[in-house]
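The values are calculated or read from the model by the stated rules, or taken from the named source; none is laboratory data. Remember, predicted model here, so these are calculated numbers, not experimental data. Cβ: placed from backbone, ideal geometry, glycine included. Neighbour counts: every protein chain shown. Quick note on the areas: whole protein, heavy atoms, side chains included, nothing else; ligands and nucleic acids left out. Shrake-Rupley method; radii C 1.70, N 1.55, O 1.52, S 1.80 Å.
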Amino acid sequence: MSSNAHQESVTFTSIGYVMSNYNEPGDPKALRNSESVITINKKYTGALDGLDGYRYILVVFYFHQSKGYHERVHPMGDRSIPKRGVLATRSPCRPNPIGITVAEIISLKDNIIRVKGLDALNGSPILDIKPYEAHFD
């Protein structure tokens, strides 16, 4: 591995957004047990072709309400759990506030995907979607 590591600015454009009953961070378990809707920008509707053949998807999204980076956090915000490095947790307070969640597809019609298990807040920008493949993921 090269010792000439460097930081590079990277820009993404969202491909859609989340509609959920959760507007603010809260109980992560409640979020994961709820249903939400992913609306993909209509120009990407053709890119969803074939996704209906999968039960689960990997959803990559931006933690748009993240309060910035914290090196050490209490997992799930539970102060009874000792702090650990943020890269050893699923906290949204990351160096790059990107979330990745496996969600179950409830329905897919046109550019609208109804899912269960997505822990993204209402309005979260969607960066990417990939089919979940157990032998890869």
Problem set entry | Nearest-20 debye value, the range 1-86 charge dipole, Cβ charges on Lys, Arg, Asp, Glu | 240 debye
Exercise. Going through the range 45-137, which GluC sites (Glu not before Pro) have at most 15 other Cβ atoms within 10 Å and a DSSP loop state?
Worked result: E71, E133
Problem set entry | 22 Å Cα-Cα threshold exceeded, pairs from K67/K130; K67/K116; K42/K130; K42/K109; K43/K116 | K67/K130; K67/K116; K43/K116
Seminar exercise, completed: Residue-normalised 222 nm signal for the chain, counting each DSSP H run of n ≥ 4 as -39,500 (n - 2.57), nearest 500 deg cm²/dmol, is -500 deg cm²/dmol
Exercise. Which value, in Å², gives the accessible area per residue of the chain when a 1.4 Å probe is used on the protein heavy atoms?
Worked result: 67 Å²
For this session: Just name one of V115, A88, Y44: the one whose Cα is farthest towards the positive end of the charge dipole of the chain (beta-carbon charges, Lys/Arg +1, Asp/Glu -1).
Result: A88
